[in-house]
Amino acid sequence: MKVFNGLEKVYSIPNPVLTIGTFDGVHLGHQKILEKIKRRAEEIGGETVLFTFHPHPRTVLFPEHHNLKLIQTQEEKLDKLRRIGVDNIIVYPFSKEFSRTPATSFVRDYLVNKIKVHTIVIGYDHQFGKNREGSLEHLQELAPMFGFEVIEISAREVDDVNVSSTKIRKALERGDIQTANTFLGEPFQLTGKVVKGKGIGRGIGYPTANIEVADELKMIPANGVYAVRCQVKGRIVSGMMNIGVRPTLDDSETRTIEVNLFDFREDIYDEKILVEVIQFLRSEKRFESIDELILQIQHDEKTTRNILSDISMELHSL
Ligand SMILES: Cc1cc2nc3c(=O)[nH]c(=O)nc-3n(C[C@H](O)[C@H](O)[C@H](O)COP(=O)(O)O)c2cc1C
Ligand SMILES: Nc1ncnc2c1ncn2[C@@H]1O[C@H](COP(=O)(O)OP(=O)(O)O)[C@@H](O)[C@H]1O
């Protein structure tokens with residue numbers, strides 16, 4: 001997969017079959033569009049192209065109150081697109097100035113003159129360009145003039161999958177990992193760096209790698225305990241994750257993400273860790289004593305081991 005930042009280095013993509021969008025989550029609906037561009041590219045001996053924007057348009061247009069949380073960081077998105085097998089990704093730097101580009105100029109200057117697009121695949125209700133004046137109908141009008149094809153993704157096709165990034169975000173907010181994972185077509189992921197915590201974990205027999213997620217836009221699921229699978233130091237390790245404020249230990253409001261890895265005993269401070277969230281176990285609780293917390297964590301471990309041994313490993317992306 002080739003990733004282009006901007007358009008300067010884009011040249012001679014053979015018969016580009018292109019779609020446009022943010023594609024947060026690269027969920028089943030997005031995957032359907034990607035399959036469609038893949039099929040068309042195969043038919044005409046062309047290559048697939050996803051034209052996407054970074055930073056997310058809403059953070060640029062409404063920097064103060066975008067209120068946006070994203071299912072994926074840019075890196076996670078590119079990884080998933082690579083796994084799915086898109087040929088070319090154009091990551092266009094979104095700016096206020098760019099947002100004022102009229103739809104017709106965008107199509108003529110970017111898609112036609114620069115990319116030499118062969119086919120544009122677009123949802124029946126997709127809008128783009130200044131004042132969102134670009135639409136399916138608009139593209140269909142421009143097509144004969146500029147010599148490209150337009151393929152519509154119908155309302156029925158969209159309704160059939162009945163998936164949206166908003167639905168996935170809402171599911172994650174209530175800890176409904178099952179729904180999120182079903183819509184994503186694979187487990188929700190978190191990536192970060194292992195940082196120092198308070199050093200209490202080791203003392204209670206459950207060391208926990210504290211994960212610092214650098215991207216402040218990344219959506220973190222609801223507080224609670226989850227069965228997870230992690231990739232760390234090139235290995236895949238099962239474990240359990242706690243997200244929350246650890247009310248048994250202190251009264252701070254700081255939210256932490258920590259993972260206890262099973263059958264693992266290594267120093268992994270500063271290592272990069274990827275977490276696949278498999279299942280929600282329970283909400284975070286305040287216990288009367290550390291001993292009660294330990295009993296509960298022992299129980300969580302049993303439950304998690306059972307869950308993970310039942311799950312077919314091929315289903316996952318790692
Ligand atoms: C599987 C698991 C479940 C946890 N559940 C809770 C909980 O319900 N309530 C709580 O206060 N802390 C909970 N914790 C957090 C522990 O208090 C925390 O892991 C421990 O204090 C280690 O902190 P440290 O990494 O800063 O040393 C849980 C931790 C794990 C690994
Ligand atoms: N099984 C394990 N799961 C998680 N971390 C482990 C494990 N074994 C060793 N470690 C190491 O121990 C650290 C966590 O120990 P802990 O006592 O909880 O300290 P801290 O509060 O600094 O996170 C991890 O960051 C990692 O480097």
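The values are calculated or read from the model by the stated rules, or taken from the named source; none is laboratory data. Predicted, not measured: the structure shown is a model, and the values here were computed from it. Don't worry about glycine lacking a Cβ; one is built from the backbone with ideal geometry, like all the others, and counts go over all protein chains shown. In case anyone asks, the SASA skips ligands and DNA or RNA and just uses the protein heavy atoms, side chains included. Shrake-Rupley method; radii C 1.70, N 1.55, O 1.52, S 1.80 Å.
Annotations for the structure displayed:
- Some residue of region 287-298 being near ligand 1 (Cβ under 10 Å from one of its atoms), in contact with a Gly (Cβ under 9 Å, 6 or more places away or on another chain), modelled with pLDDT of 95 or more and farther than 16 Å from Ala227 by Cβ: yes
- Being of a type in the set (S, T, N, Q), open to solvent by 40 Å² or more (accessible area, probe 1.4 Å) and under 24 Å from Glu76 (Cα atoms) holds for only one residue in Thr166, Thr191, and it is Thr166.
- Inspection of region 241-253 identifies no residue that is within 16 Å of ligand 2 (Cβ to nearest atom), assigned by TED's automatic domain parsing to the domain that holds Glu284, in contact with a Leu (Cβ under 7 Å, 6 or more places away or on another chain) and aliphatic (A, V, I, L, M).
- Applying the criterion of being within 12 Å of ligand 2 (Cβ to nearest atom), within 23 Å of the chain's Cα centre (by Cα) and among the aliphatic types (A, V, I, L, M) to the residues of region 263-277, the residue that is farthest from Ile71 (Cα to Cα) is Ile273.
- Just one of the numbered conditions (1) open to solvent by 40 Å² or more (accessible area, probe 1.4 Å); (2) part of a loop (DSSP other than H, G, I, E, B); (3) under 22 Å from Leu172 (Cα atoms) is not true of Pro221: (1).
- In region 246-262, the qualifying residues are those that are part of a loop (DSSP other than H, G, I, E, B) and within 6 Å of ligand 1 (Cβ to nearest atom), and the one that is modelled with the lowest pLDDT is Leu249.
- When region 101-158 is filtered for residues that are of a type in the set (Phe, Trp, Tyr) and crowded, with 18+ Cβ neighbours inside 10 Å, the ones remaining, listed by number, are Phe106, Tyr110, Phe128, Phe148.
- Listed by first and then second residue, the pairs with beta-carbon distance under 6 Å, at least 6 apart or on different chains, first residue in region 42-64 and surrounded by 17 or more Cβ atoms within 10 Å (Cβ to Cβ), second in a helix (DSSP H, G or I) and among the charged types (D, E, K, R), are Thr48/Lys38.
- Only one of the numbered conditions (1) part of a loop (DSSP other than H, G, I, E, B); (2) modelled with pLDDT under 90 is violated by Asp159, and that is (1).
- Annotation: Ala214 fulfils all but one of (1) away from ligand 2 (no atom under 13 Å from the Cβ); (2) surrounded by 20 or more Cβ atoms within 10 Å (Cβ to Cβ); the unmet one is (2).
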